Amino acid sequence: MSAEIVQLVEQTGPYLTAAVGAYGMGVLARAEDAAVDATANLGQRILQVVWQRRDAQGRAELEAAVQDTAEAPDDADAAAALRQQIKRALRDDAELLAELARILPVGEGTVNVTASGERSIAAKTIGTAVTGDNTTITP
């Protein structure tokens, strides 16, 4: 199996888990919901793309893995089985690999940080941050 497939599947894991956790078995048929977390929506999109490109047997296997994960969201084995289904789909369909790579955020570990509002602070990591008036920081 190519390293590219392994890396892509590792990247999709958190999105798949979030989507199945948010939508359960409905993840394969549900339309995106803007009110749901972006991570779950991306996971749902990934699963739907894979679902649409599978044959009847592949769809049944993917559905079974999604159901197991939905029924036991904290079960690492169920999550691993779902990732295995994604790997199998990627091995069988080179175009799918390129499509999923386009869907995923650019770069491994990409972090988007947004600050909003008066005196807001946005940071991936932070040591000390002060937004109040007349503050004294003592080491």
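Only the coordinates and a few stated rules stand behind these numbers; no lab work does. Keep in mind that this is a model prediction, so the values were computed, not measured. Positions of Cβ are generated from backbone atoms using ideal geometry, with glycine treated the same way; all protein chains shown enter the neighbour counts.
Details
- Between Glu4 and Asp77, the simple spin-label model (points 7 angstrom out along Cα→Cβ) gives 3.4 nm.
- Segment 54-67 - phi-based ³J(HN,Hα) in whole Hz, Karplus 6.51/-1.76/1.60, Gly and Pro as x: 9, 7, 4, 5, x, 5, 5, 5, 5, 4, 4, 5, 5, 4
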